[in-house]
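Each remark here refers to the structure printed beneath this line.
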Amino acid sequence: MVEAAIFQGLSWNPVTDLRELFTYPFMVNALEAGTIVAVMAGVTGWFMVLRRQTFAGHTLSVIAFPGAAAASLAGVPLAVGYFGFCGLGALALAGIAGSRRSLSAESAAIGSLQALALALGFLFVSLYHGVLNGVDSLLFGTFLGITSGQVAVLLVVATAAVSLVAIAARPLFFASVDAEVARAGGVPVRLLGFGFLLVLGLSVAETSQITGALLVFALLVTPAATAHQLTPRPLLGIALSISLALAVTWLGLALAYFSIYPVGFYITSLSFGVYVLVRGGRALRSRRRATAGLALEAA
Amino acid sequence: MIDPTAVATPAKQEAEARSEPAVAFDSAAVRLGGRTIWSDVSVTVGEADFVAVLGPNGAGKSTLIKVILGLLPLAAGSASVLGRPPGDSKGRIGYLPQRRSFDTGTRIRGVDLVQLGLDGARWGIPLPGAPSRRRDAARVHEVIELVGATGYARQPIGELSGGEQQRLLIAQALVRRPKLLLLDEPLDSLDLSNQAAVAALIRRICEEEQVAVLLVAHDINPILGYLDRVIYLAGGGAIEGSPEDVITSGTLSRLYGAPIEVLRASDGRLVVVGQPEAPFVHGDRHG
């Protein structure tokens, strides 16, 4: 049934095509899961880019891979592996950040953790006798076979995480841009840093289940980085980050449905394309402004 | 010899007797990692005084600020800040830490940074259109106007000059109407004309907002004309008094326990010669 749907292809009638997208329950589940994940990734990603913690975020996503592999090996739901390993990874990263090392020593420690995670993932895959045929979907994502139960778990976790970020929004923003003054003003800067890493771990665990462990960045970093390029206003930036994540997820899922290529590829390429467009547009604008300034000076 | 504590005018003494001092240290000492940074320090900063904290590198100037903020404990003696133990009056102190500048990649508007000074420690999301939100916005607007940053407060702060960033950071420190302003080397990274402009701004704020200012400085000359008093840290101790009384060969020689000479240039600038550490005046000042 699934195969038939995929190979039917586009009818080029937008109404029929849209209607077809919502015909199959697996596709409805995928769209619901994608929507939940995109909102969560848009919010936490915006703060992650602001805090310059994309390397830590990437490491968490690499840690998601052995988590999923270990879950397959143990015969428990993948979500258990994702959430368990990303939670532990967040604790480890918080420990590294809390030890007050220099920035270079910190990134070296995070990098070592990342290598260990990849190696563990590979070990678990080899230990899984026979073929772990989902290994490429663990790494690069899939939208097939998402159950309503999984969607419910995603929704509960995302609601909890987004609510936590909302409650802590202002102190977290303060601690992220101006830690020393925030601390002097009574903001618990270290506690917030630790809490944010945990929320980031949850986001990565959720996003991995759609985009795969290696393409988490497509939803977590690229829309947020694009939003930061578009506006320095915090609320507008978060709204843009969510909207972009939603747009690339919906479009990516639709494209993947009507073609034979994986969803991770589409989501990643779409968000990368938007990022390049925005960067290019900004560069062009600042050059034009500079030329205009020169002309003004000359006149 | 002049007693530096006896220089206050009678009118000023009367004013100080009426109000509680902004900062009062009594025989205070600080130890960091087993080393005594300074000891037996007794200083008083009166209400709405503009006081410079001077001294060579490593004398414990920033340490003094951290003690007032309650971030470092005293090893001996006692301290009171705005009539309470240090750390108990966070909301009434404005603080501007050392060497804070934002690189060009920082995509935050100055106005948001000032706003954080007001509500950055509050949890939850404010309701749009709530009266408190409008009041906050009005105060942010007012304080940005006060420091003269209205023209560029809505640009990303990373794209502004050092002087413009410093004005916005002073606005952030002022936004909660503090009774005490702690500024750690706010003039350090500025060029000369900006140093003079920011010093004049701080003097004006001190008078108009009735706030005591403690300013850590490397070079006394840009602020000399605006100061009420000076706290000079050196040789593990401190001397407090008016600039004319403290920055003298005799007083500084006693403090350092070594011969120090203070020279006055023809334009009124002070040059301290013979300091064991760190030049007092760095670079040449022309034009």
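Of all residues in segment B:80-111, those satisfying the criterion of being in a strand (DSSP E or B), more than 8 Å from chain A (Cβ to nearest Cβ) and surrounded by 20 or more Cβ atoms within 10 Å (Cβ to Cβ) are B:Val81, B:Gly94.
Return the pairs, sorted by first residue and then second, in which the second residue is surrounded by fewer than 17 Cβ atoms within 10 Å (Cβ to Cβ) and of a type in the set (Gly, Ala, Ser), the first residue lies in segment B:38-64 and is closer than 19 Å to B:Ala75 by Cβ, the beta carbons are less than 6 Å apart, and the residues are 6+ apart or on different chains. Qualifying pairs under 6 Å: B:Asp40/B:Ser27; B:Ser42/B:Ser27. Do we find a residue being in contact with a Cys (Cβ under 6 Å, 6 or more places away or on another chain), assigned to a helix (DSSP H, G or I) and of a type outside the set (Gly, Ala, Ser) anywhere in segment A:180-196? Within segment A:180-196 (the criterion being in contact with a Cys (Cβ under 6 Å, 6 or more places away or on another chain), assigned to a helix (DSSP H, G or I) and of a type outside the set (Gly, Ala, Ser)), the answer is no, since none of the residues qualifies. Just to check your reading of the model, which residue among B:Arg109, B:Arg99 is charged (D, E, K, R) and at pLDDT 90 or above? Residue meeting the stated conditions: B:Arg109. Considering (1) within 28 Å of B:Ser189 (Cβ to Cβ); (2) in a helix (DSSP H, G or I); (3) more than 21 Å from the chain's Cα centre (by Cα), say which one B:Gly225 fails and leave the rest. Among (1) within 28 Å of B:Ser189 (Cβ to Cβ); (2) in a helix (DSSP H, G or I); (3) more than 21 Å from the chain's Cα centre (by Cα), the lone unmet condition for B:Gly225 is (3). Of the residues making up segment A:52-94, those that are touching a Phe, Trp or Tyr at 6+ places or on another chain (Cβ under 7 Å) and either surrounded by fewer than 24 Cβ atoms within 10 Å (Cβ to Cβ) or more than 23 Å from A:Val156 (Cβ to Cβ) (or both) are A:His58, A:Pro66, A:Ala69, A:Ala70, A:Ser72, A:Leu73, A:Ala94. Applying the condition of being buried (at least 24 other Cβ atoms within 10 Å of the Cβ) and among the hydroxyl-bearing types (Ser, Thr, Tyr) to segment A:209-234 and asking which residue is farthest from the other protein chains (Cβ to nearest Cβ) yields A:Thr211. From the list A:Val153, A:Val162, A:Val157, A:Val177, the one residue that fits, being closer than 18 Å to A:Gly87 by Cβ, within 14 Å of another protein chain (Cβ to nearest Cβ) and in contact (Cβ under 8 Å) with a residue 12 or more places away in the chain, is A:Val162. Can you tell which of B:Glu240, B:Glu244, B:Glu164, B:Glu261 is under 25 Å from B:Arg109 (Cβ atoms) and of a type outside the set (A, V, I, L, M)? Unique residue meeting the criteria: B:Glu164. Residues in segment B:151-172 include at least one that is within 26 Å of A:Gln229 (Cβ to Cβ), away from chain A (no Cβ under 14 Å), in a loop (DSSP other than H, G, I, E, B) and over 23 Å from the mean Cα position of the chain (by Cα). Evaluated against (1) out of contact with any helix residue (DSSP H, G or I) (no Cβ under 9 Å at 6 or more places or on another chain); (2) away from chain A (no Cβ under 14 Å); (3) modelled with pLDDT of 90 or more, B:Ala59 falls short on exactly one condition, (3). Restricting segment B:117-150 to residues that are touching a Pro at 6+ places or on another chain (Cβ under 9 Å) and part of a helix (DSSP H, G or I), the residue that is nearest to the other protein chains (Cβ to nearest Cβ) is B:Asp119. Could we say that B:Leu180 is among the aliphatic types (A, V, I, L, M), at pLDDT 90 or above and touching a strand residue (DSSP E or B) at 6+ places or on another chain (Cβ under 9 Å) here? Here the answer is yes, as B:Leu180 does meet what is asked.
Table: residues versus (1) within 14 Å of another protein chain (Cβ to nearest Cβ); (2) in a loop (DSSP other than H, G, I, E, B); (3) in contact with a Lys or Arg (Cβ under 6 Å, 6 or more places away or on another chain).
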residue: B:Arg176; (1), (2), (3): yes, yes, no
residue: B:Asn194; (1), (2), (3): no, no, no
residue: B:Ile205; (1), (2), (3): no, no, no
residue: B:Pro259; (1), (2), (3): no, yes, no
residue: B:Ser266; (1), (2), (3): no, yes, no
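Here is a list: A:Leu255, A:Leu172, A:Leu246. Which entry is touching a residue at least 40 places away in the same chain (Cβ under 8 Å), more than 14 Å from chain B (Cβ to nearest Cβ), out of contact with any His (no Cβ under 8 Å at 6 or more places or on another chain) and of a type outside the set (D, E, K, R)? Within the list A:Leu255, A:Leu172, A:Leu246, the selection yields A:Leu246. Within segment A:187-208, the set of residues being within 14 Å of chain B (Cβ to nearest Cβ) and either hydroxyl-bearing (Ser, Thr, Tyr) or within 10 Å of B:Gly120 (Cβ to Cβ) (or both) comprises A:Val187 only.
The values are calculated or read from the model by the stated rules, or taken from the named source; none is laboratory data. It should be emphasised that the depicted structure is a prediction, and the values quoted were computed from it without experimental measurement. Cβ atoms come from the backbone with ideal geometry, glycine included; neighbour counts cover every protein chain shown.
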